[in-house]
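What follows is calculated from the coordinates using simple rules that are stated; it is not laboratory data. Treat the numbers as computed from the prediction; the structure is a model and nothing was measured. Cβ: placed from backbone, ideal geometry, glycine included. Neighbour counts: every protein chain shown.
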């Protein structure tokens, strides 16, 4: 079975500070990995995805994530936080034997203070 | 960017009522999904469809049912709502397999 663990249900940073949201996965086969963002009162939007190409993946709004097989991690980073980054972030992994089904983590709520 | 719509946005109903949550997409996507989301918990897949007349149960057991009579429409029905059904329900669609899911804004269901 596949699973995703997001460390920290809440992360708070100051505007301009580094954003680091952690995601570790478990998978018996090479995974596809995703980060989705959910702004208040909106649906989830794809931030970025790893599909076995480059290990450093760049997404929208200045976010990026690095796939590290040795650490089974796919942490999300952004060099400088902006107030508009406040949202809930979900890490997801594709399911074994059925790549059409995603398994999501519990989410991390990011707060950005001025 | 997303053209996937869910109605109603909020629904408060009494126990025993039959309800239908609507989901429509105008992108011609063949694959559609229903996820259930509780605060602080994972999104759980409860139903999915690969096309017209195709429906499958997801990983989380649910008393709800779905239908896919038209490509653009994927409604979810609860025949008799109970307080345990209180949750947020998210609809999504996709194309080209797993590259990207498009989500609706969700329906927050409260059963009293």
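Working from label points 7 Å from Cα in the Cα-to-Cβ sense, the residue A:113 to residue A:53 distance is 3.9 nm. The range B:1-86 has equivalent-ellipsoid semi-axes of 21, 14, 14 Å, by the square roots of 5 times the alpha carbon gyration tensor eigenvalues, sorted largest first. When its C-alpha radius of gyration is set against 2.2 N^0.38 Å (N residues), the range A:64-114 gives a value of 1.39. Inter-label distance, residue A:1 to residue A:29: 1.8 nm, where each label sits 7 Å from its Cα along the C-beta direction. Estimated translational diffusion coefficient (Stokes-Einstein, Kirkwood radius over Cα pairs, 37 °C, 0.692 mPa s) of the range A:22-113: 242 µm² per second. Across peptide A:34-46, the average count of Cβ atoms from other chains found within 10 Å of a residue's Cβ is 5. Between residue A:72 and residue A:9, the FRET efficiency from the beta-carbon distance, with R0 = 25 Å, is close to 0.80.
Calculated FRET efficiency, residue B:9 to residue B:38, Cβ-Cβ distance, R0 = 22 Å: about 0.80 to the nearest 0.05.
In plain terms, the residue of B:5, B:89 with the fewest other Cβ atoms within 10 Å comes first and the most crowded comes last, giving B:5, B:89. For the protein assembly as shown, the spread of Cα coordinates along the three principal axes comes to 49, 39, 31 Å, biggest extent given first. Sorting A:91, B:23 by the number of Cβ atoms found within 10 Å of their own Cβ, with the fewest placed first, yields B:23, A:91.
Using r as the Cβ-Cβ distance of residue B:17 and residue B:61, and R0 as 30 Å, what FRET efficiency do you calculate, to the nearest 0.05? E(calc), rounded to 0.05, equals 0.90.
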